[in-house]
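Student: A single structure is presented below for examination.
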Amino acid sequence: MATKPKAVAKRKASATSSAKSSVKSRAKAAPKRVAKAKVSRANDDIGEDTRLALWRSLLEIRHVEQRAYDLFLQNLVKGTSHLALGQEAVAAGFATAMQKDDWSFCTYRGHHHTLARGASMEGVLGELMGRECGLLKGKGGSMHLTSVEHGAMGSYAIIGAHLPIAMGAAWTAQYKKTGQVSVCFFGDGTTNIGAFHEALNMSAVWKLPVVFVCENNLYMEYTPIKDVTAVHNPAGDRAASYGLPKIVIDGNDADEVYRTAQTAFAKARAGEGPSLIECLTYRHSGHSRADPGDYRPPGELEAWLKKDPVPRYRERLAEFGIAQDVIDGMDAEVLAQVDEATEISKASPPPGLDLIDVDVWADGGTAWRN
Amino acid sequence: MAELTYREAVAEAIAQEMRRDEDVVFLGEDIGAAGGVFKATVGLFKEFGPERVRDTPISEQAILGAAMGSAMTGLKPIAEIMFSDFLAVCWDIVANEIAKARYMTGGQMSMPLVIRTANGGGSRFGAQHSQSVENWAMMIPGLKVVAPSSPADVKGLLAAAIRDPDPVMFFEQKSLYPIKGFVPDGELVDELGTAKVLRDGGDVTIVALAAMVPRAMKAAEELSAQHGIEATVVDVRSLVPLDTQTILREISKTGRLVTVEENPRLCGWGAEIASIVADEIFWDLDGPIIRITTPHIPLPAADALEDATMPSAERIVREIVENID
């Protein structure tokens with residue numbers, strides 16, 4: 001037991017040193033900005049490097065999701081898709097706080113979480129478009145984005161299923177004493193299915209390093225969550241049932257999400273068990289591409305757009321003295337990347353038909369008889 | 001060569017694999033200090049401790065989710081679902097998640113896990129603790145499905161299942177737990193996807209699985225002694241992969257096929273074999289295929305009713321005598 005806190009301390013130390021080294025490398029390119037950043041770091045626990053990482057992540061998600069919508073209107077994105085426009089800060093905040101080898105699990109609304117872990121834009125857009133360059137070679141589609149090499153351990157399209165699965169990954173980390181954390185994202189609707197409660201209970205009993213993150217966007221698909229849930233905070237008010245503290249945060253504030261994630265990860269890595277965090281947020285579009293969201297009361301969307309995590313963070317960066325050209329420059333840079341990824345995806349052929357008969361089994365094949 | 005019960009062979013196989021591979025872990029309800037409700041896991045908790053042999057709450061989705069999540073991140077879990085009927089409460093994890101993960105992710109994920117479960121009737125437990133549900137698993141692409149009939153097969157096939165890189169559904173027939181059989185000494189690892197010819201005869205080929213295998217063997221002896229009919233008996237052992245080479249070869253030799261299935265009538269594994277036979281060796285047949293199954297009903301509890309519904313050696317003899325000259 002005595003070694004665990006040391007491992008945590010070591011991780012923190014290495015994160016700090018890598019942040020320092022990246023500042024150095026940027027200092028050569030843009031000496032003006034560094035002078036301003038030094039001022040902001042002195043006054044704040046997050047610091048410019050992390051803030052810019054959060055900003056980049058927010059922008060990547062926002063622009064890719066908007067592009068996914070555009071491509072859908074052009075009939076280039078097939079099937080269904082569930083956009084996370086408006087929910088970017090949850091993904092950006094948690095992913096930025098994760099170590100590279102941590103594991104994340106999400107739902108069919110999972111483009112943002114997959115991108116935030118570092119999966120390529122063309123991998124995501126290509127998969128939505130059913131192209132060979134897709135993350136899953138076109139075999140999974142929008143609802144199953146996965147990038148194991150980035151620790152993005154899958155998007156799960158059956159509500160609740162991935163909570164016990166994320167718990168299982170945390171069991172590996174605990175059993176092998178690796179210090180890794182398993183992070184599980186799900187919607188408010190998930191809190192009313194049995195697997196949620198099974199996973200919370202067993203994770204708490206086994207003291208597993210897993211962090212359960214509820215993105216409460218106020219609607220379970222088309223129905224207001226408050227109309228179908230016995231408690232006010234669908235996740236937060238259930239935490240006490242599993243001996244966990246109630247944590248409800250502003251999910252549209254990337255800084256608050258990031259700080260909350262850090263605290264939960266430190267607890268998990270110290271062997272003190274799971275956390276359940278409810279992030280209050282809002283999806284700007286309907287449940288899926290088929291849903292215009294007409295059931296929402298007038299003014300609700302407009303009120304939430306005022307709390308849009310992306311413009312909000314743009315203001316935050318300016319408040320902390322980050323130069324406008326840096327803020328805007330990153331925006332333009334990310335948009336150019338999305339344009340490039342779009343072209344790569346459009347140019348990518350459909351998957352070869354030979355892919356139909358591979359990868360049911362570990363031997364690469366699909367044979368069920370000899 | 002030691003004589004073991006079917007239930008002892010379960011614990012022996014798990015112990016053999018846990019001794020050789022630290023990544024093998026085991027979880028389920030009452031499996032630890034209690035040694036399992038069928039006493040099939042006695043001794044494991046004592047030898048391997050609570051970190052590797054973990055008791056769980058009554059949470060089947062959590063059990064199989066934990067198995068899946070740990071398998072995809074480097075462990076080789078064995079999960080016990082106490083009665084196969086309970087698979088219905090966690091079937092999402094089996095059918096939608098475990099079975100599909102590798103294919104859906106374009107081959108990114110591996111799922112080296114085993115789900116062990118006590119399957120089948122004969123114990124007077126009624127319709128929610130006696131079902132024979134191996135066909136539920138057989139129809140899902142991505143699952144291997146094994147159902148042994150003897151202690152030696154339990155040990156060898158369970159060890160093979162644990163070593164297999166794919167998810168394996170391992171159906172132990174609960175009425176067989178007390179039966180005894182000789183099991184070779186030392187490390188034993190069998191091969192999945194292999195059927196076994198247990199008896200050679202020239203008149204009819206009986207293809208059977210799990211608890212139906214000893215009944216088919218008894219029927220074959222009776223047919224030989226009383227009716228002069230010599231039967232070949234094939235133990236299917238593995239439904240996926242299916243050893244069609246062995247099964248079709250043995251059917252072609254006699255020209256007659258009788259399947260003996262514990263499951264209710266519709267969509268039993270025997271129907272799939274009958275379909276393959278009709279497609280591929282129809283002209284080798286000398287008469288209609290006979291499927292002997294439990295009627296298409298929920299299994300009744302009373303011993304008189306249960307015995308009258310599950311295929312018995314007597315019924316196998318009667319059907320064969322009536323239908324095969």
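The values are calculated or read from the model by the stated rules, or taken from the named source; none is laboratory data. Computed from a prediction, not measured in an experiment: that's the story for all the values here. Here the Cβ is made from the backbone with ideal geometry for all residues, glycine too, and neighbour counts use every protein chain on show.
Student: Does the stretch B:179-199 contain at least one residue that is touching a residue at least 60 places away in the same chain (Cβ under 8 Å), in a helix (DSSP H, G or I) and not assigned by TED's automatic domain parsing to the domain that holds B:A79?
Tutor: no
Rundown of residues vs (1) more than 19 Å from A:I247 (Cα to Cα); (2) in contact (Cβ under 8 Å) with a residue 12 or more places away in the chain; (3) not acidic (D, E), yes/no style:
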| site | (1), (2), (3) |
| --- | --- |
| A:A261 | no, yes, yes |
| A:F265 | no, yes, yes |
| A:R269 | no, yes, yes |
| A:L280 | no, yes, yes |
| A:D294 | yes, no, no |
| A:G299 | yes, no, yes |
| A:L305 | yes, yes, yes |
| A:R316 | yes, yes, yes |
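Student: With the requirement that a residue be crowded, with 24+ Cβ neighbours inside 10 Å and more than 7 Å from chain B (Cβ to nearest Cβ), what does the stretch A:130-146 give you?
Tutor: Within the stretch A:130-146, A:G134, A:L135, A:S142, A:L145 meet the criteria.
Student: On to the next question. Being surrounded by 21 or more Cβ atoms within 10 Å (Cβ to Cβ) and either at pLDDT below 95 or under 25 Å from B:M212 (Cβ atoms) (or both) is the filter here; which residues of the stretch B:86-127 pass it?
Tutor: Passing the criteria: B:L87, B:V94, B:V114, B:I115, B:R116, B:T117, B:A118, B:N119, B:G120, B:G121.
Student: Take the residues in the stretch B:23-72 that are more than 7 Å from chain A (Cβ to nearest Cβ), of a type in the set (D, E) and surrounded by fewer than 22 Cβ atoms within 10 Å (Cβ to Cβ), then tell me which one is farthest from B:P167 (Cα to Cα).
Tutor: B:E47
Student: Under 7 Å between Cβ atoms, at least 6 apart or on separate chains: pull out the pairs that start in the stretch A:153-177 with a residue that is more than 23 Å from A:L115 (Cβ to Cβ) and more than 7 Å from chain B (Cβ to nearest Cβ) and end on any residue that is surrounded by 24 or more Cβ atoms within 10 Å (Cβ to Cβ) and of a type in the set (F, W, Y).
Tutor: A:G160/A:F196
Student: Looking only at strands (runs of 3 or more DSSP E) that lie completely in the stretch B:205-315, which have at least 2 residues being more than 14 Å from every other protein chain (Cβ to nearest Cβ) and in contact (Cβ under 8 Å) with a residue 24 or more places away in the chain?
Tutor: B:231-235, B:257-264, B:290-294
Student: For the stretch A:278-305, which residues satisfy the criterion of being charged (D, E, K, R) and either closer than 25 Å to A:V183 by Cα or out of contact with any helix residue (DSSP H, G or I) (no Cβ under 9 Å at 6 or more places or on another chain) (or both)?
Tutor: The answer is A:E278, A:R283, A:D291, A:D294, A:R296, A:E300, A:E302.
Student: Hey, another quick one. Consider only pairs whose beta carbons are under 7 Å apart and that are at least six residues apart or on different chains; among these, list those whose first residue lies in the stretch B:7-31 and is in contact (Cβ under 8 Å) with a residue 40 or more places away in the chain and whose second residue is of a type in the set (D, E) and assigned to a loop (DSSP other than H, G, I, E, B).
Tutor: As it stands, the answer is B:Q16/B:E187, since those pairs meet every condition given.
Student: OK, next. Restricting to the stretch B:102-127, count the residues that are touching a strand residue (DSSP E or B) at 6+ places or on another chain (Cβ under 9 Å), closer than 12 Å to B:M72 by Cβ and at the interface with chain A (Cβ under 7 Å from one of its Cβ atoms).
Tutor: The qualifying residues number 3.
Student: Identify all residues within the stretch A:125-163 that are within 22 Å of A:E340 (Cα to Cα) and polar (S, T, N, Q); write none if there are none.
Tutor: The answer is A:S142, A:T146, A:S147.
Student: Which members of the stretch A:334-370 meet the condition of being under 30 Å from B:L248 (Cβ atoms) and hydroxyl-bearing (S, T, Y)?
Tutor: A:T366
Student: Taking only pairs six or more apart or across chains, which ones have beta-carbon atoms under 7 Å, a first residue in the stretch A:325-348 that is over 13 Å from A:V64 (Cβ atoms), and a second residue that is buried (at least 18 other Cβ atoms within 10 Å of the Cβ) and of a type in the set (G, A, S)?
Tutor: From the stretch A:325-348, the pairs are A:S348/A:G126.
Student: For the stretch B:139-178, how many residues are part of a strand (DSSP E or B) and either within 14 Å of chain A (Cβ to nearest Cβ) or among the β-branched types (V, I, T) (or both)?
Tutor: 5
Student: Within the stretch A:312-321, does at least one residue satisfy the condition of being in contact with a Ser or Thr (Cβ under 7 Å, 6 or more places away or on another chain) and either aromatic (F, W, Y) or at pLDDT 95 or above (or both)?
Tutor: Yes: the stretch A:312-321 contains one or more residues that are in contact with a Ser or Thr (Cβ under 7 Å, 6 or more places away or on another chain) and either aromatic (F, W, Y) or at pLDDT 95 or above (or both).
Student: Filter the stretch A:54-90 for residues that are surrounded by fewer than 19 Cβ atoms within 10 Å (Cβ to Cβ) and within 19 Å of the chain's Cα centre (by Cα); which is farthest from A:D331 (Cα to Cα)?
Tutor: A:Y69
Student: Quickly run through the stretch B:189-213 and pick out the residues that are closer than 16 Å to B:A9 by Cβ and surrounded by 20 or more Cβ atoms within 10 Å (Cβ to Cβ).
Tutor: The answer is B:D190, B:A210, B:A211, B:V213.
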